[in-house]
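Heads up: the structure comes next, in structure tokens.
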Amino acid sequence: MQTIEYKAFDERITKFRLHDRLDVVVIHKPRFSKTYVTLTTPLGSIHRHYRDEAGTHETPAGIAHFLEHKVFEKNGVDVSSEFARDEAQVNAYTEHTKTTYLFHATANVFEHVKRLLTMFFQPDFTDAGVAKEKNIIAEELNMHLDDPYYQQYHAVLNQLFHKHPVREDILGTNTSIQAITTDALRTMHQAYYRPDVCTLTVVGDIDITAFHDALSTQVTLPNTTTRRPYHPLIDEPHHVRTRHQTLALDVLVPNVLLGIKTLPEGPMNPRRRIKRHLAMTMLYDLVFGKSTDLYETLLDDGLINDSYGLDIQLEASYGYVLIGSESHQPDALIQRLHDVLMTLSTHPTSHDDFARYKKQTLGGFVMSLDSLEYIAHETARHIKDGLLFHDVLDIARSVTFDDVLALKQDVAEERIAVTLAVPNAKQKKNTL
């Protein structure tokens with residue numbers, strides 16, 4: 001076991017590898033009554049391939065999310081009821097780059113951890129169960145597609161990206177869902193739910209010696225197979241697919257969603273990628289955030305309302321920035337945002353504003369140390385890069401004003417796309 005002390009925050013973290021295969025991270029929180037646990041696999045919606053001795057294989061879109069559903073089933077019974085019976089709340093979610101299972105509880109923590117590990121590594125796949133789940137997931141997809149803002153979000157991703165699977169719905173399509181087989185689920189599970197690529201994170205008041213010994217003696221990990229994760233290189237063009245589209249959706253007020261495609265720099269040192277993401281977040285908040293003169297002007301001119309927001313994503317193989325708001329003057333809002341982006345290199349950015357925002361970022365980090373949920377998820381996010389959540393603070397400290405200014409050169413006309421959602425005929429009629 002390795003114990004790391006962050007004395008400035010009175011934080012202690014213990015790491016070990018269960019049976020020399022599964023990474024376990026315990027973040028000690030003395031006197032906290034609740035314990036929060038996550039178990040994460042690096043299988044997200046963008047991962048559809050695996051490799052074995054026979055070569056490389058592709059599976060249908062949506063298989064990561066389908067697996068998330070099926071892992072909860074054991075002998076035809078939803079394992080969630082067992083967690084609830086013993087006073088724990090369990091859940092899971094699938095993202096573009098990973099799937100996370102989680103629970104929180106105030107009692108019976110080790111029993112819940114064993115239950116989580118068992119259902120995660122030893123699922124029960126049956127043809128009947130898979131056939132039944134297809135209808136459930138198809139209905140979930142149809143419900144999502146009824147959400148106009150969900151449709152608009154995926155529409156702008158389809159404009160930004162030509163080939164990258166981030167443009168596909170996390171749930172897949174009705175066609176791909178029906179194409180998923182029991183064998184495909186089993187093989188993808190063997191490839192990606194391998195102990196050596198997964199991480200168990202525990203945040204709470206844990207007796208680490210007792211916990212380590214109990215895991216070592218009472219938990220058996222599955223045998224290793226020859227199936228492994230495989231991520232093919234994606235030849236994604238730098239420019240967007242389409243610059244502008246208008247969708248008639250079930251909205252009361254027109255909604256603007258502007259996307260900026262960022263260029264991945266290929267294999268990047270994790271610290272460098274995190275630093276770049278932090279610098280991007282600072283830049284766009286300093287220019288477009290809710291504490292800027294631009295935001296106040298847009299409000300005063302009636303171009304936006306309180307739905308206005310930003311989303312900045314940067315992963316190893318893709319990245320984007322989204323800026324959006326409802327607007328009764330959507331064309332004017334689009335033009336205003338576009339004008340700022342096209343003159344971003346000369347847009348006034350104050351060093352004092354940067355220093356203040358950086359202090360705010362560092363302060364937010366310290367405040368988040370009291371959130372068990374946030375710490376657990378962020379730890380799982382960074383651990384496979386050889387980093388702990390606490391290391392991100394040092395990376396944030398290293399971001400300079402020059403780092404932020406350098407990113408102003410990254411925006412280009414051919415990497416901007418806009419999706420405008422306008423009220424459909426039904427909504428127009430209802431508002432007359």
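Observations
- Neighbours by Cβ (under 7 Å, 6+ apart or cross-chain): first from segment 280-294, part of a loop (DSSP other than H, G, I, E, B); second of a type in the set (Ser, Thr, Tyr): Gly289/Tyr295
- The set of residues in segment 295-318 that are assigned to a helix (DSSP H, G or I) and in contact with a helix residue (DSSP H, G or I) (Cβ under 9 Å, 6 or more places away or on another chain) comprises Tyr295, Thr297, Leu298.
- No other residue among Tyr308, Tyr320, Tyr284 is touching a strand residue (DSSP E or B) at 6+ places or on another chain (Cβ under 8 Å), at pLDDT 95 or above and within 18 Å of Ala396 (Cβ to Cβ) apart from Tyr284.
- Selected residue (criterion: surrounded by the most Cβ atoms within 10 Å (Cβ to Cβ)) from residues of segment 152-161 that are closer than 16 Å to Ala61 by Cβ and touching a residue at least 60 places away in the same chain (Cβ under 8 Å): Leu157
- Of all residues in segment 150-197, those satisfying the criterion of being more than 30 Å from Leu117 (Cα to Cα) and outside any helix (DSSP H, G or I) are Phe161, His162, Lys163, His164.
- For segment 77-101, filtering for residues that are over 30 Å from His154 (Cβ atoms) and among the aromatic types (Phe, Trp, Tyr) leaves 1.
- Residues in segment 139-151 that are within 21 Å of Thr175 (Cβ to Cβ) and surrounded by 16 or more Cβ atoms within 10 Å (Cβ to Cβ): 2 in all.
- Residue check for Val202: buried (at least 16 other Cβ atoms within 10 Å of the Cβ), touching a Ser or Thr at 6+ places or on another chain (Cβ under 8 Å) and closer than 30 Å to Tyr36 by Cβ: yes
- Hits in segment 198-253 (condition: among the charged types (D, E, K, R) and part of a strand (DSSP E or B)): Arg228
- Count of segment 254-275 residues which are touching a residue at least 40 places away in the same chain (Cβ under 8 Å) and either farther than 28 Å from Gln360 by Cβ or not in a loop (DSSP other than H, G, I, E, B) (or both): 14
Per-residue answers, yes or no, for (1) under 26 Å from the mean Cα position of the chain (by Cα); (2) not polar (S, T, N, Q):
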{"position": "Pro348", "(1), (2)": "no, yes"}
{"position": "Asp352", "(1), (2)": "no, yes"}
{"position": "Ser371", "(1), (2)": "yes, no"}
{"position": "Arg381", "(1), (2)": "yes, yes"}
{"position": "Asp385", "(1), (2)": "yes, yes"}
{"position": "Val399", "(1), (2)": "yes, yes"}
{"position": "Thr419", "(1), (2)": "yes, no"}
{"position": "Pro423", "(1), (2)": "no, yes"}
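- Pair list, Cβ under 8 Å, 6 or more apart: segment 336-359 residue closer than 13 Å to Val404 by Cα, other residue exposed (fewer than 13 other Cβ atoms within 10 Å of the Cβ): Ser345/Gln409
- In segment 168-189, the residues that are assigned by TED's automatic domain parsing to the domain that holds His96 and touching a residue at least 24 places away in the same chain (Cβ under 8 Å) form Cβ pairs under 7 Å with partners that are surrounded by 20 or more Cβ atoms within 10 Å (Cβ to Cβ) and among the hydroxyl-bearing types (Ser, Thr, Tyr), at six or more places apart or across chains, as follows: Glu168/Ser45; Ile170/Ser45; Ile170/Thr94; Ala184/Thr59; Thr187/Tyr50; Met188/Tyr50; Met188/Thr59.
- Within segment 32-49, the set of residues being buried (at least 21 other Cβ atoms within 10 Å of the Cβ) and either without any contact (Cβ under 8 Å) to a residue 24 or more places away in the chain or assigned to a strand (DSSP E or B) (or both) comprises Thr35, Tyr36, Val37, Thr38, Leu39, Thr40, Thr41.
- The set of residues in segment 408-432 being assigned to a helix (DSSP H, G or I) and either modelled with pLDDT of 95 or more or among the acidic types (Asp, Glu) (or both) consists of Asp410, Glu413, Glu414, Arg415.
- Each residue in segment 1-40 was checked for being farther than 26 Å from Asp394 by Cα and hydroxyl-bearing (Ser, Thr, Tyr), and 2 of them qualify.
- Under the condition of being surrounded by 15 or more Cβ atoms within 10 Å (Cβ to Cβ) and under 15 Å from Glu326 (Cα atoms), the residues counted in segment 291-308 number 6.
Table: residues versus (1) part of a strand (DSSP E or B); (2) surrounded by 16 or more Cβ atoms within 10 Å (Cβ to Cβ); (3) touching a Cys at 6+ places or on another chain (Cβ under 9 Å).
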{"position": "Glu5", "(1), (2), (3)": "yes, no, no"}
{"position": "Thr14", "(1), (2), (3)": "yes, yes, no"}
{"position": "Val24", "(1), (2), (3)": "yes, yes, no"}
{"position": "Pro30", "(1), (2), (3)": "no, no, no"}
{"position": "Gln89", "(1), (2), (3)": "yes, no, no"}
{"position": "Tyr101", "(1), (2), (3)": "yes, yes, no"}
{"position": "Ala107", "(1), (2), (3)": "no, no, no"}
{"position": "Val113", "(1), (2), (3)": "no, yes, no"}
{"position": "Thr118", "(1), (2), (3)": "no, no, no"}
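- A residue that is under 19 Å from His96 (Cβ atoms), surrounded by fewer than 16 Cβ atoms within 10 Å (Cβ to Cβ) and not assigned by TED's automatic domain parsing to the domain that holds Pro165 can be found somewhere in segment 249-263.
The values are calculated or read from the model by the stated rules, or taken from the named source; none is laboratory data. Note that the structure is predicted; figures quoted are calculated from it, not measured. Please note: Cβ atoms are built from the backbone with ideal geometry, for glycine as well, and neighbour counts cover all protein chains shown.
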